[in-house]
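To keep things clear, I will list the structure first and then write my remarks on it.
The values are calculated or read from the model by the stated rules, or taken from the named source; none is laboratory data. All values derive from a computational prediction rather than experimental measurement. Using ideal geometry, Cβ is built from the backbone for each residue, glycine included, and neighbour counts are taken over all protein chains shown. Ligands, DNA and RNA are excluded from the accessible area calculation, which covers all protein heavy atoms including side chains. Shrake-Rupley method; radii C 1.70, N 1.55, O 1.52, S 1.80 Å.
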Amino acid sequence: PIDESRVVRVESPADGVRLLRVDRPAARNALSMEVRRQLAGYLGECARSTEVRCVVLAGNPQAFAAGADIKEMADAGTVDMMKRGVLDLWRATAACPKPVIAAVRGYALGGGCELAQLCDIIVAGRSAKFGQPEIKIGIMPGGGGTQRLTAAVGKHKALRYLLTGDVFGADEAFAMGLVSEVVADDAVEPTAIAMACRIAAMPPLAAELIKDVVMRGMDMPLEAALTLETRALHLLFSTRDQKEGMAAFIEKRAPAFTGT
Ligand code: HXC
């Protein structure tokens, strides 16, 4: 039996970086309710922590996550599904204001593919496998797959995969614009952590506002989104890090950002 109390592990691979590892290998990291609760909880802690500047979400070599836990859902009815509040946990997971990088090795299927999609950057191993196979078991994506996949790759590619349930590889995912970078399987976590370190060294308020404006802007008319961008840019001129960044450039030295 799986020890559900420790299905997400928290690691600190570098200053300013937290790695959250889904660790339920016997079930290919299927997202049980407990995995979802722990992910939402730890991401909330990362969001509140003044030390954390960037988060990496990872799994294990076989699976990033093979989707919702089918064994937990098989006998559920509509009311059970409504009462589980999966969507609330999912929203809490997606709401992290800090940059989140998915480090995908192995299977990222169904809810696992959606978990990767709600990250900001996706680093995938060459043998990673993506897909939304929900249709094959009589359901459909419920964690944003119909919307985020379509936004990422366009209607015709999205429906091609959503309606067949076909699995696709990392190179195809990269070509479609679903993943940010494809690297050797062994290099996935080092690459994601190195990228997280570089982001962690950036002024955090700028990083948060960039993420915020990109995410909000996707749902807005262009003019409104551009106004939001301008306001956010102007806001950064009241931070010390803006003064520091520009002074460091002019004085030809490295900046020391404080997040203030
Ligand atoms: C529960 C799962 C699971 C899952 C794998 N396992 N995926 N258990 N939920 N999503 C379990 C298997 O039952 C098995 O348990 C063990 O993990 C190993 O799996 P195998 O199938 O033997 O491994 P392998 O041959 O390597 O195949 C891996 C796989 C396959 C390709 C990932 O397991 C698979 O197709 N899984 C289901 C993928 C899927 O349909 N995902 C979408 C779920 S629905 P035992 O006990 O036999 O060792 C979804 C949206 C829901 O995500 C939205 C509502 C909230």
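Using r as the Cβ-Cβ distance of ARG253 and THR164, and R0 as 45 Å, what FRET efficiency do you calculate, to the nearest 0.05?
On the way: r = 55 Å, r/R0 = 1.23.
For ARG253 and THR164, the calculated efficiency is 0.25.
Remark: the range 11-23, residue by residue, has Karplus-estimated 3J(HN,Hα) of 10, 10, x, 6, 4, x, 10, 10, 10, 9, 10, 6, 9 Hz, where x stands for each Gly or Pro and the curve is 6.51 cos²θ - 1.76 cosθ + 1.60 at θ = phi - 60°.
Computed from Cα atoms, the angle from the helix 222-236 axis to the main principal axis of the chain rounds to 50 degrees.
When the helix-only estimate is applied to the chain (DSSP H runs of n ≥ 4, each -39,500 (n - 2.57), divided by the residue count), what is the mean residue ellipticity at 222 nm, nearest 500 deg cm²/dmol? Intermediate results must be reported in sequence, preceding the final value.
Details: 12 runs with 118 residues, N = 260.
Computed ellipticity for the chain at 222 nm equals -13000 deg cm²/dmol.
Residues whose amide H lies under 5 Å from that of VAL56, counting only those 5 or more places away or on a different chain, are ARG18, LEU19, LEU20, ILE101; hydrogens are built 1.01 Å from N in the peptide plane.
Looking at the chain, which longest stretch skips every one of the trypsin sites (Lys or Arg not before Pro) that is in a DSSP loop with at most 10 other Cβ atoms within 10 Å, leaving the sites themselves out? After excluding every exposed loop site, the longest remaining stretch is 1-251. Set the Förster distance to 25 Å, then compute FRET efficiency between ALA26 and ASP75 from the Cβ-Cβ distance, nearest 0.05. Once the sixth-power term is evaluated, E becomes 0.75. Taking every protein chain into account, the accessible area of the chain amounts to 52 square angstrom per residue (probe 1.4 Å). Treating r as the C-beta distance of ASP88 and SER5 and R0 as 25 Å, the FRET efficiency rounds to 0.75. In straight-distance terms, cross-link reach from LYS155 covers every one of the lysines whose alpha-carbon lies under 26 Å from its own, apart from those fewer than eight places away in the same chain; here that gives LYS129, LYS136, LYS211. Of interest is the spacing of the C-alpha centroids, which for the range 79-113 and the range 4-72 amounts to 10 Å.
If you rank PHE168, PHE249, PHE257 by how much accessible surface each has, with a 1.4 Å probe, what is the order from largest down? Working shown, then result.
Values: PHE168 10, PHE249 165, PHE257 50 Å².
Ranked list, largest accessible area first: PHE249, PHE257, PHE168.
Highest mobility in the GNM of the chain, judged by mean-square fluctuation with C-alpha springs under 10 Å and restricted to LEU89, LEU222, LEU159, is found for LEU222.
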